[in-house]
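Enquirer: Sharing a structure here in structure tokens format.
The values are calculated or read from the model by the stated rules, or taken from the named source; none is laboratory data. It should be emphasised that the depicted structure is a prediction, and the values quoted were computed from it without experimental measurement. Counting neighbours? That spans all protein chains shown, and the Cβs are built from the backbone with ideal geometry, glycine included.
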Amino acid sequence: MIYKKNIDSLLKDIRAKNFYCKSFILALFLLLFTTIQVFAIPPDFTTKDVKFVSNGDTLAGTIIKPEHPVAALVIVHGSGQEKRMMKFATLLAQNGIAVLTYDKRGVGESGGVYAGPEVGTNNIDSANLNLLSLDASAAVNTLKKDLADKQIKIGLIGASQAGWIIPLTAKKNNNVNFMAIFSGALVTARQQLRFQFYTNNDRGFWDTHSEEDARQHTLNDPDKYQFIDTDPLPTLSKLSIPGLWIYGGKDIQVPVQLSIEHLNTLKSKNNRYEYQLFPNLGHNTAFAKDQEPVENVIKWIKTLKSSTKKK
């Protein structure tokens, strides 16, 4: 009896091992098959590394291009030592938009000198913002040259500090047909700094302060730094290309309500500008968990029917 039980137990173990062995082989086969399938499917867009010259310095970037792009974009950096934004560029390409993203000057593979607080220099001085707009303009020309269809509309997209750089670029370059800006300040650089210093990066700022209180500090606080200021409004008033701004109602980096008022003033003078306000979002509207802001920008780009020249 004991002998029979031992035989039965042994057979049971063998069957179990065979089952797990077969399951493992099947799983391995499925994994290999899936991997082969993934690599066998051609990508729906191509990538190409490029280099271009701006103000005597060579900048490095990547063009990501679907087979039949509906539009094209150059990604303009915010503040900080930012390299090319491949994840964001890939998302745009997957939605039918050709993209050029590049390393900021003095960062990654790009030449030139980076300016910013990390290296003890002012990156919102008028001279630096103008230099960065020249870089973006050179990127636009590089992307246009790479497009087989020269009629494709080319735009600029970016966040935060790009809100000052993009209008300067569009004013310089007639190849720019539209612009999309996340959390860009429509106030002067000095006013934005006053607001930022007053909020002091306090996430609960709007729980204890009013719009009027914040506005008074933005418009009247003494400046901590002296530099040549940049006011985006005169430049924006001279552009006739369409633009879309995305704002978060809880932003503590940019005075949103004051920016929207200025935007409405520009709209009343027939500038083709729009905005969308997301009350529960902060400054990071482009890369928040909520995908609606980016999705709305992509939809807006696809609805653009024609481009206009600047005045």
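Enquirer: From the list LEU131, LEU156, LEU100, LEU92, exactly one residue is assigned to a helix (DSSP H, G or I), surrounded by 23 or more Cβ atoms within 10 Å (Cβ to Cβ) and of a type in the set (A, V, I, L, M). Which is it?
Expert: Among LEU131, LEU156, LEU100, LEU92, only LEU92 is assigned to a helix (DSSP H, G or I), surrounded by 23 or more Cβ atoms within 10 Å (Cβ to Cβ) and of a type in the set (A, V, I, L, M).
Enquirer: Would you call HIS283 under 18 Å from the mean Cα position of the chain (by Cα), within 27 Å of ALA127 (Cβ to Cβ) and not hydrophobic (A, V, I, L, M, F, W, C)?
Expert: yes
Enquirer: Can GLY158 be described as of a type outside the set (Phe, Trp, Tyr) and without any contact (Cβ under 8 Å) to a residue 60 or more places away in the chain?
Expert: No: the conditions fail for GLY158.
Enquirer: Only one of these conditions is not met by ASN201: (1) under 30 Å from ALA72 (Cβ atoms); (2) in a loop (DSSP other than H, G, I, E, B); (3) not basic (Lys, Arg). Which number is it?
Expert: For ASN201, the failing item is (1).
Enquirer: Can you spot a residue in region 105-128 that is assigned to a strand (DSSP E or B), of a type outside the set (Gly, Ala, Ser) and modelled with pLDDT of 95 or more?
Expert: Looking through region 105-128, none of the residues is assigned to a strand (DSSP E or B), of a type outside the set (Gly, Ala, Ser) and modelled with pLDDT of 95 or more.
Enquirer: Quick check, is ILE246 β-branched (Val, Ile, Thr) and closer than 20 Å to VAL140 by Cα?
Expert: no
Enquirer: Could you check region 231-251 and list, in sequence order, the residues that are closer than 28 Å to TRP206 by Cα, surrounded by fewer than 24 Cβ atoms within 10 Å (Cβ to Cβ) and charged (D, E, K, R)?
Expert: Scanning region 231-251 gives ASP231, LYS250.
Enquirer: Would you check if there is a residue in region 177-188 being surrounded by fewer than 21 Cβ atoms within 10 Å (Cβ to Cβ) and either outside the structural domain of ARG272 (by TED's automatic domain parsing) or among the hydroxyl-bearing types (Ser, Thr, Tyr) (or both)?
Expert: So far as region 177-188 goes, yes, one or more of its residues are surrounded by fewer than 21 Cβ atoms within 10 Å (Cβ to Cβ) and either outside the structural domain of ARG272 (by TED's automatic domain parsing) or among the hydroxyl-bearing types (Ser, Thr, Tyr) (or both).
Enquirer: Do we find a residue being within 23 Å of ASN220 (Cβ to Cβ) and at pLDDT 95 or above anywhere in region 139-154?
Expert: No, region 139-154 contains no residue that is within 23 Å of ASN220 (Cβ to Cβ) and at pLDDT 95 or above.
Enquirer: Same structure again: Of SER137, SER183, which residue is within 22 Å of HIS77 (Cβ to Cβ), in contact with a His (Cβ under 7 Å, 6 or more places away or on another chain) and polar (S, T, N, Q)?
Expert: It is SER183.
Enquirer: With respect to the numbered conditions (1) free of Cβ contacts under 8 Å to residues at least 40 places away in the same chain; (2) within 30 Å of ALA93 (Cβ to Cβ); (3) more than 17 Å from the chain's Cα centre (by Cα), which one is the sole condition not fulfilled by LYS153?
Expert: (1)
Enquirer: Can you tell me which residue within region 269-297, out of those that are small (Gly, Ala, Ser) and at pLDDT below 95, is farthest from ILE246 (Cα to Cα)?
Expert: Within region 269-297, the match that is farthest from ILE246 (Cα to Cα) is ALA288.
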